[in-house]
Amino acid sequence: MNDSAAPPRRRPRWPFVGAALFLVLAAALATGEWLGWPFLAAPLEQRLSAALDRSVRFASGSEASRVRVHFLGSLRLDAPQFEIGAPAWSSSPHLLSATDVSLELHYGDLLRAWRGQRLHVHSLVAATADGYVERLADGRASWQFGKSPQPASAPPSFGRMQVVSGTLRFNDALLVLELEARLALAGTPDGPHLKVDANGRYRGLPAKGELVAFGWLPWSAEEVQANAVPLTLNASIGRASLSFKGSAIDAQHLRGLAGHFNLSGPSLAAVGDPVGVTLPTTAAFRSQGQIARQGERWHVVIDDATVGASRLNGVFDYDHGRRVPLLSGRLAGTRLLIVDLGPVVGTTPVATAPAAPVKAPGKVLPSRPFDLAALRVMDADVTIAIDEVDLHSQLLEPLRPLRAHLLLAGGVLTLGELDARTGLGQLMGELRLDGRTSQALWDANLRWQGVRVDHFIHQARADGAPPFISGRLDGTAKLQGQGRSTAEILSSLKGRARTDLRDGAVSHLAIEAAGLDLAQGLGVLIKGDDALPVTCAVADLVADGGVFRPRVMVLDTSDSSVWVDGSLSLASETMDLRAVVAPKDFSPLTLRTPLLVRGSFAKPEVSIERGPAARKAAMAVLLALINPLAALIPLIDPGDSEAAQRGTTGCQSLQERRAAAAVAKPPPPRKG
């Protein structure tokens, strides 16, 4: 048997072919990446122009050969020139024109932008850049790309951005902002030196600023930066100005910002508006302190703030990373004048000239509209501790001190835990303003005790005469109202206010004058005024539709009882009050007729009720025809002890009931 050798087995060639093809493709890809795919520059221009719905140009003429495009890992472009055109509706020459550009875009960012999200540019480095950024009042913006752009899309964000010199023109009709900024980066013996100058207008006011960084200040903290860069900033909007000296890590988000600031302007609101912080409208102010940023939280220490003649300080945190930003902290100070915060409650400081009238013609109540929308853009949690609050009145004693807790949540402003000391007494309670709708809802729940009238109300009199009224006031007030201004709220008030006077005294001369007791009044003038002890004094007022009417309003002394009825309208700013005096003793010369206080708050008129006075005068004239001395008979008043006694008994009964209620519900202890 002959054995023949088996033919050799051939190995398959396809692995070698595949490997060869892979090597060829890899070499081609590597070569293309190394060369920058120059032949793809023109097609890429066309595709980007079609996708963005505007012209995109990398270079022209002989410079086209210098364009390099890279695709591995991310889309990278190196070009001697890079220009993105302006939208069809714009008259600007372009959106962006830059030279010696190195641009990098990540594919994930491009995918999100294609789906309508905000475009993120990972890196942009250029020798020069010139930009025209604009947004119209209807929401169309030059940074919205494509044939159907998202109307609410935000402008592109940047990771790294480095430009040696450039110009940016920004015109935003929604923000009412027109700005032109120039950037220059120069090398100095001490290192790179960045300077940015900006000029323009914000909400019709001139705006300008200058930023100087003593080193390379990266655009984003994504760029590794070992140390914060020292910088200074000087800026102004209208009459509001800011100076800052400190350091920061990046220019885009101001991460790591820390330093000392000086801030001044015509109103705190003028500073809060540009940065989106709700601050009250005030008198002119200036302040200094330290500021620092950590993430989305700002920490501000105000060493000294002067608002008008007020001196304040405080420590605050502003957290912008929440769904609704939160301002928290502590406001303190040695002195606060209410007039310096006048516009907050609808009045105006003397030094400020408002664009709109704050009082209606012939009115005294402030009618300046509240800025209720500002209450809904931010929350607040601030404790208040001020040594002295001046009520802007030569008659009223300041509050010394004032403690409170301010809460702003969901458009509802509450001033709670109120504890104010004045006239050796105490004011407690809570005030609340609900600004969630176009009509502000206001309610007050206040209580006062031991307030010495002769200390709280200045009553200095000549020749050492006693004050017109003295004693301790205790009382409560529960009131509600609604409106768009202080005047509207007061004109809609409903509720009840009650107070009584304890251990009091009243001017003898004032009582005799109120009762038109000519003889006893003349006697008091001759011997000098003295203080009549007040047996009882109670005022119980009911408000409805802004009109206050006394259920009981009586003052009882050893000499007379005085009863008051009528009305006082905050809606029409008028009064119609009638005071009746019941003397307890004999007087040989008195008209004993009701005293009337009528007219407007701006021009009150005091008179007597004509009927009783006219009858006495007529009788006196007729008796004078018989005998001149007989004319005095109608003016003789023997006193009405029975009517006075009824007033005394009723007044004391009311006081006893109020005292029993106060014992049943003692006041809360003072905090701090």
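No value in this document is a laboratory result; all are computed from the given coordinates. Computed from a predicted structure; not experimentally measured. Counting neighbours? That spans all protein chains shown, and the Cβs are built from the backbone with ideal geometry, glycine included.
Data for the structure
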item: Cα-based equivalent ellipsoid, region 34-163: semi-axes from gyration tensor eigenvalues, Å; result: 24, 17, 14
item: Separation in nanometres of the label points that stand 7 Å from Cα toward Cβ, at residue 603 and residue 33; result: 9.1 nm
item: Separation of the residue 576 and residue 227 label points, Cα + 7 Å toward Cβ, nm; result: 8.0 nm
item: Residues residue 99 and residue 201, FRET efficiency given R0 of 25 Å [Cβ-Cβ distance, rounded to 0.05]; result: 0.25
item: Spin-label model distance (nm) - residue 299 vs residue 40, 7 Å beyond Cα toward Cβ; result: 4.9 nm
item: Residue 111-residue 47 FRET efficiency (beta carbon distance; Förster radius 22 Å; 0.05 resolution); result: 0.90
item: Estimated FRET transfer efficiency (residue 23, residue 438; beta-carbon r; R0 56 Å; 0.05); result: 0.15
item: Dipole in debye (nearest 20) - region 34-163, about Cα centre, beta carbon charges: Lys, Arg +1; Asp, Glu -1; result: 360 debye
